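Asker: I'd like to ask you about the structure that follows.
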């Protein structure tokens, strides 16, 4: 006999785990969390060099980031870092426009001249002349946050089934009959799509049209550089979006800020992207690179308008989207999970307006 659940969540990364915890905390619903891999968080969640910064993801994502800050602080998963967006000579207008754009939505940003950015980034090369500092930016302990949500879901009675990817979803009069990769079958009143890079394939399995949620590969390399990396170095980003780097346990984490279209997969870094990252880094600071110690890649998934997708599918009230969270799904996890849980349970939406994130916006 099939096991019966009110809500089945596909995907146990940060999205699925946070939503399972949020539902479990407020409802007496039978909830199941499914994970295709041997361990949850294997893909995007486990490969993120995450930070909490209110300008990341754009003004449309900012309300979710801001609303998530207090809980992330209360959980003790934030470490102050600061973020510095820098520009070359001739890009002063772009840096000023960046600052103005986010000041307009309430982000604290200070414009800095050459002396100001050089004081924060030692051995900065001469052609970098302006910057915008976000002092509130913090590092996020991704593993601790993910484990908090998994633990909270478990305490609320939500089982986690690993190696149980979704193979088939048949619509019934009362919801769904689901076939899983481990051979089990379950029924669900509502199917929640928190499958990250696999969000559109899950929708197809359920007989729904995809939304165009596309995965993109992002590369990160860990470098050992000549001399110590300053502990108080801010997260440093290029105003043109060509790199970012930050310290991590005496080493440096560096990305070329790449977005390479990819099929949903176990992403691996390309040597050319690592080489590109190192080349761009060497154009910013005079810190000789001794070696690349580690490299990895993850997939970030975006809807066509680059905003997340939260809500019931317009064509099927038993299918709920919780996907398209790009590279900002970790920094927005508390507010996003609370909003989605409220929508699922028919509550008021709280402090974040869900209209901008509704799947109905795609027609």
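The values are calculated or read from the model by the stated rules, or taken from the named source; none is laboratory data. Here the structure is a predicted model, which is why all the values come from computation and not from measurement. Reconstructed Cβ throughout: ideal geometry from the backbone, glycine too, with neighbour counts over all protein chains shown.
Asker: Only one residue in 363, 346, 326 is on the phi > 0 side of the Ramachandran plot, at pLDDT below 95 and buried (at least 19 other Cβ atoms within 10 Å of the Cβ), so which one is that?
Answerer: Step by step, each of 363, 346, 326 is checked, and only 326 is on the phi > 0 side of the Ramachandran plot, at pLDDT below 95 and buried (at least 19 other Cβ atoms within 10 Å of the Cβ).
Asker: Here is a follow-up. Among the residues of the stretch 110-129, is any within 27 Å of residue 337 (Cβ to Cβ), touching a residue at least 12 places away in the same chain (Cβ under 8 Å), buried (at least 19 other Cβ atoms within 10 Å of the Cβ) and in the same structural domain as residue 226 (by TED's automatic domain parsing)?
Answerer: There is no residue in the stretch 110-129 that is within 27 Å of residue 337 (Cβ to Cβ), touching a residue at least 12 places away in the same chain (Cβ under 8 Å), buried (at least 19 other Cβ atoms within 10 Å of the Cβ) and in the same structural domain as residue 226 (by TED's automatic domain parsing).
Asker: Looking at residue 228, is it modelled with pLDDT under 95, surrounded by 18 or more Cβ atoms within 10 Å (Cβ to Cβ) and out of contact with any strand residue (DSSP E or B) (no Cβ under 6 Å at 6 or more places or on another chain)?
Answerer: So residue 228 does not fit the description; no.
Asker: Same structure, new question: Can you find a residue in the stretch 348-355 that is over 19 Å from residue 149 (Cβ atoms), out of contact with any helix residue (DSSP H, G or I) (no Cβ under 8 Å at 6 or more places or on another chain), touching a residue at least 60 places away in the same chain (Cβ under 8 Å) and in a loop (DSSP other than H, G, I, E, B)?
Answerer: Looking through the stretch 348-355, none of the residues is over 19 Å from residue 149 (Cβ atoms), out of contact with any helix residue (DSSP H, G or I) (no Cβ under 8 Å at 6 or more places or on another chain), touching a residue at least 60 places away in the same chain (Cβ under 8 Å) and in a loop (DSSP other than H, G, I, E, B).
Asker: Out of all the residues in the stretch 49-81, which are farther than 18 Å from residue 352 by Cβ, in a loop (DSSP other than H, G, I, E, B) and touching a helix residue (DSSP H, G or I) at 6+ places or on another chain (Cβ under 6 Å)?
Answerer: If the condition is that a residue be farther than 18 Å from residue 352 by Cβ, in a loop (DSSP other than H, G, I, E, B) and touching a helix residue (DSSP H, G or I) at 6+ places or on another chain (Cβ under 6 Å), then 50, 77 are the ones that fit.
Asker: Closer than 30 Å to residue 77 by Cβ and surrounded by 18 or more Cβ atoms within 10 Å (Cβ to Cβ) - does that describe any residue in the stretch 179-190?
Answerer: yes
Asker: Here are the criteria: (1) farther than 17 Å from residue 238 by Cα; (2) in contact (Cβ under 8 Å) with a residue 40 or more places away in the chain. Tell me which single one residue 103 does not satisfy.
Answerer: Evaluating residue 103 over (1) farther than 17 Å from residue 238 by Cα; (2) in contact (Cβ under 8 Å) with a residue 40 or more places away in the chain leaves (2) as the failure.
Asker: Right, here's the next one. Could you identify the single residue in 45, 65 that is under 20 Å from residue 335 (Cα atoms), at pLDDT below 95 and either in the same structural domain as residue 325 (by TED's automatic domain parsing) or in contact with a strand residue (DSSP E or B) (Cβ under 9 Å, 6 or more places away or on another chain) (or both)?
Answerer: Residue meeting the stated conditions: 45.
Asker: Give the stretch 233-264 a look and list any residue that's touching a residue at least 40 places away in the same chain (Cβ under 8 Å) and in a loop (DSSP other than H, G, I, E, B), or say none.
Answerer: Answer for the stretch 233-264, where residues must be touching a residue at least 40 places away in the same chain (Cβ under 8 Å) and in a loop (DSSP other than H, G, I, E, B): 233, 234, 239, 240, 243, 258, 259, 262, 263, 264.
Asker: So which strands (runs of 3 or more DSSP E) stay within the stretch 155-214 end to end and still have 1 or more residues that are at pLDDT 95 or above and in contact with a helix residue (DSSP H, G or I) (Cβ under 8 Å, 6 or more places away or on another chain)?
Answerer: Per the criteria, 166-172, 185-193.
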